[in-house]
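Here the structure is laid out as structure tokens; the discussion comes afterwards.
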Amino acid sequence: MNASTAEKYTEETILWIKRHTPKLMTFAISRPASYRFSAGQFSRLGIRDGAGFLWRAYSVLSAEYADTLEYFAVLIEDGAMSRHFEHMQPGDTLLLDKTATGFLLPGRFQDGRDLIMLSTGSGIAPFLSMLQQPELWQRFEHIALVHSVSYANELIFNHALASLAEHPLIGEYAGQFRFQAVVTREKVADALSLRLPELLKNGTLAEGLGLVFSPEDSRFMVCGNPAMVADTFKTLVDQGYRLNRNKLPGQILIENGF
Ligand SMILES: Cc1cc2nc3c(=O)[nH]c(=O)nc-3n(C[C@H](O)[C@H](O)[C@H](O)COP(=O)(O)OP(=O)(O)OC[C@H]3O[C@@H](n4cnc5c(N)ncnc54)[C@H](O)[C@@H]3O)c2cc1C
Ligand SMILES: NC(=O)c1ccc[n+]([C@@H]2O[C@H](COP(=O)([O-])OP(=O)(O)OC[C@H]3O[C@@H](n4cnc5c(N)ncnc54)[C@H](OP(=O)(O)O)[C@@H]3O)[C@@H](O)[C@H]2O)c1
């Protein structure tokens with residue numbers, strides 16, 4: 001390890017690991033006092049790999065003010081980091097790049113009444129961090145989170161979402177929150193079953209959330225499967241929304257979740 005490489009990361013301890021299904025896990029690592037991120041950004045986590053390193057991006061799930069850094073990982077068959085995560089134990093260490101990155105930041109919208117977060121799979125993670133920021137709730141009248149997964153047992157955050165109502169900083173805003181689950185490969189009560197672009201086209205997503213979508217009032221953030229991000233973005237553009245740019249405000253912010 002040379003000095004310039006060593007300066008770019010710290011070595012952090014894995015504090016706990018929860019394995020929700022064989023391919024879904026959440027875990028927390030120690031947070032260096034100097035580590036700063038904005039809700040919506042991702043960390044680069046690494047391991048030593050032979051003579052080199054293996055680095056992958058993971059969205060921070062915990063709040064900006066949390067003492068630890070929490071992540072949600074989907075394990076991929078034959079994926080190099082997934083293989084490592086499969087056997088990882090509390091007390092082991094992971095490398096943490098000192099710089100958090102990413103532009104999926106709600107502060108980039110200049111205005112808007114309703115914030116709609118559209119996610120598939122691990123794309124829910126940045127939104128779980130944002131939901132814990134009180135200033136976001138002060139800014140938007142309604143905040144809606146939509147999570148699309150293939151099977152019902154992949155909806156692992158239902159309890160955490162329900163307990164937002166008891167969160168000391170967020171609880172008072174619980175009446176502004178809407179959650180809609182989407183389960184695409186089996187029938188589940190209270191969940192919608194079509195993919196997100198179809199649900200936007202046929203109006204059932206807005207109906208399920210009890211919101212009226214419009215370019216004046218709605219701001220969409222999209223994160224997850226890159227094909228979903230592309231298809232959803234195209235659907236929204238066809239419906240009259242446009243990408244938010246720094247110099248040209250719009251209604252859509254996107255990030256490919258892998
Ligand atoms: C900006 C960004 C944020 C990310 N945040 C997360 C996160 O919060 N949680 C997370 O689990 N992963 C996240 N990823 C993906 C992560 O970086 C790794 O790619 C993933 O953990 C698999 O690593 P791997 O080495 O096992 O396999 P890789 O060789 O990296 O991936 C193999 C293949 O698996 C598929 N894949 C990768 N990640 C996912 C995923 N999350 N869901 C479904 N299919 C996937 C892709 O088709 C990819 O080509 C993010 C990626 C990016 C670019
Ligand atoms: N989940 C599975 O059944 C399954 C099976 C074998 C392998 N894998 C692999 O396991 C990994 C993780 O899978 P994952 O299920 O967490 O993530 P994922 O494949 O991204 O699926 C998550 C959700 O995104 C939806 N989706 C996928 N493409 C979309 C698109 N173009 N537009 C709108 N919605 C879309 C899926 O719908 P659909 O269910 O309709 O695809 C599902 O509801 C991936 O590498 C995947 O290829 C998954």
Of the residues in region 150-176, those that are in contact with a strand residue (DSSP E or B) (Cβ under 6 Å, 6 or more places away or on another chain) and either farther than 23 Å from Asp114 by Cα or hydrophobic (A, V, I, L, M, F, W, C) (or both) come to Ala152, Asn153, Leu155, Ile156, Leu161
Is it fair to say Ala57 is at pLDDT below 95 and not basic (Lys, Arg)?
no
Do the conditions hold for Ile47, that is, is it β-branched (Val, Ile, Thr) and within 20 Å of Asn225 (Cα to Cα)?
no
Any chance you could count how many residues in region 189-210 are modelled with pLDDT of 95 or more and either within 22 Å of the chain's Cα centre (by Cα) or aromatic (Phe, Trp, Tyr) (or both)?
14
Looking only at region 240-255, decide whether some residue is near ligand 2 (Cβ under 10 Å from one of its atoms) and either in contact (Cβ under 8 Å) with a residue 12 or more places away in the chain or exposed (fewer than 15 other Cβ atoms within 10 Å of the Cβ) (or both).
no
For the subset of region 135-146 comprising residues that are without any contact (Cβ under 8 Å) to a residue 60 or more places away in the chain and either in a strand (DSSP E or B) or within 16 Å of ligand 1 (Cβ to nearest atom) (or both), which member is nearest to the chain's Cα centre (by Cα)?
Leu145
Need pairs with beta-carbon distance below 7 Å; first residue farther than 14 Å from His20 by Cβ and within 14 Å of ligand 2 (Cβ to nearest atom) and within region 72-92, second modelled with pLDDT of 95 or more and not in a loop (DSSP other than H, G, I, E, B); sequence gap 6+ or separate chains.
Ile76/Ser82; Ala80/Leu54; Met81/Leu54; Met81/Arg56
Take region 158-188 and flag every residue that is crowded, with 19+ Cβ neighbours inside 10 Å and within 13 Å of ligand 2 (Cβ to nearest atom).
Gln180, Ala181, Val182, Val183
The one condition Leu96 fails out of (1) buried (at least 19 other Cβ atoms within 10 Å of the Cβ); (2) closer than 30 Å to Leu194 by Cβ is (2)
Under the condition of being charged (D, E, K, R), surrounded by 14 or more Cβ atoms within 10 Å (Cβ to Cβ) and touching a strand residue (DSSP E or B) at 6+ places or on another chain (Cβ under 9 Å), which residue from region 46-80 is nearest to Thr13 (Cα to Cα)?
Glu70
Would you mind stating whether Ala152 is modelled with pLDDT of 95 or more and in contact with a Phe, Trp or Tyr (Cβ under 6 Å, 6 or more places away or on another chain)?
no
So Ala125, is it of a type in the set (A, V, I, L, M, F, W, C), under 25 Å from Phe37 (Cα atoms), surrounded by 15 or more Cβ atoms within 10 Å (Cβ to Cβ) and at pLDDT 95 or above
yes
Screening Ile116, Ile124 for residues that are within 17 Å of the chain's Cα centre (by Cα) and within 14 Å of ligand 1 (Cβ to nearest atom) leaves only Ile124
Pick from Arg36, Arg83: which is loosely packed, with under 15 Cβ neighbours inside 10 Å and either near ligand 1 (Cβ under 8 Å from one of its atoms) or aromatic (Phe, Trp, Tyr) (or both)?
Arg83
Test each condition in (1) within 14 Å of ligand 1 (Cβ to nearest atom); (2) of a type outside the set (A, V, I, L, M, F, W, C); (3) not in a helix (DSSP H, G or I) for Gln132 and report the one that comes out false.
(1)
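The values are calculated or read from the model by the stated rules, or taken from the named source; none is laboratory data. The shown structure was predicted, so the numbers you read here are calculated from the model rather than taken from an experiment. Note that we place each Cβ from the backbone using ideal geometry, even for glycine, and neighbour counts take in every protein chain shown.
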